[in-house]
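Asker: Below are the structure tokens for one structure; questions will follow.
The values are calculated or read from the model by the stated rules, or taken from the named source; none is laboratory data. Not measured: the values here are computed from a predicted model. In this analysis, Cβ positions are derived from the backbone assuming ideal geometry, glycine residues included, and neighbour counts consider all displayed protein chains.
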Amino acid sequence: MADLITKFLEPMVAALKLFESDLSTTISTVYSHFKKLMNKVSEISCNFSDNVQQLIQKRWEYSYHPVMMVAYMLDPRFLEESEDVDIEAVRYTEFTEFTNKRFGREESIK
């Protein structure tokens, strides 16, 4: 049981250290770190893995802002990752909706 707990906590502690650091985390890296965390947790097979993934997903939904995805897509470190057509289309749509709501349609087009 201790091994199982360690498997869950190691990637979470690593992610928390990154998020708390002033040096290594920028807004463009947040999505990538959440994605890596979800992937690591999904590789652990136990009866509560799905629950942990749901908690991480809820935290992502709470923390998420469209600007994070734009920064991620524009960061050269993630260029290859961010070219996923599904991600790109959804994120551009979200960002456009955000700018329309925030600045009004005319200003967001400029």
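Asker: Any chance you could count how many residues in segment 47-61 are modelled with pLDDT of 85 or more, of a type outside the set (A, V, I, L, M), under 24 Å from Asp3 (Cβ atoms) and surrounded by 13 or more Cβ atoms within 10 Å (Cβ to Cβ)?
Answerer: Final tally of qualifying residues: 1.
Asker: Among the candidates Thr29, Thr25, single out the residue that is of a type in the set (S, T, N, Q), at pLDDT below 80 and more than 18 Å from Gln53 (Cβ to Cβ).
Answerer: Thr25
Asker: Would you please list the contacts, defined by Cβ atoms under 8 Å and residues six or more apart or on different chains, that run from a residue in segment 1-26 that is within 18 Å of Ser63 (Cα to Cα) to a residue that is not in a helix (DSSP H, G or I)?
Answerer: Close Cβ pairs satisfying both conditions: Leu18/Ser24; Leu18/Thr25; Phe19/Thr25; Thr26/Asp75.
Asker: Cβ-Cβ under 6 Å, sequence separation 6+ or interchain: first residue in segment 41-57 and in contact (Cβ under 8 Å) with a residue 12 or more places away in the chain, partner of a type in the set (D, E, K, R) and surrounded by 13 or more Cβ atoms within 10 Å (Cβ to Cβ). Which pairs?
Answerer: Partner pairs satisfying both residue conditions: Ile44/Lys7.
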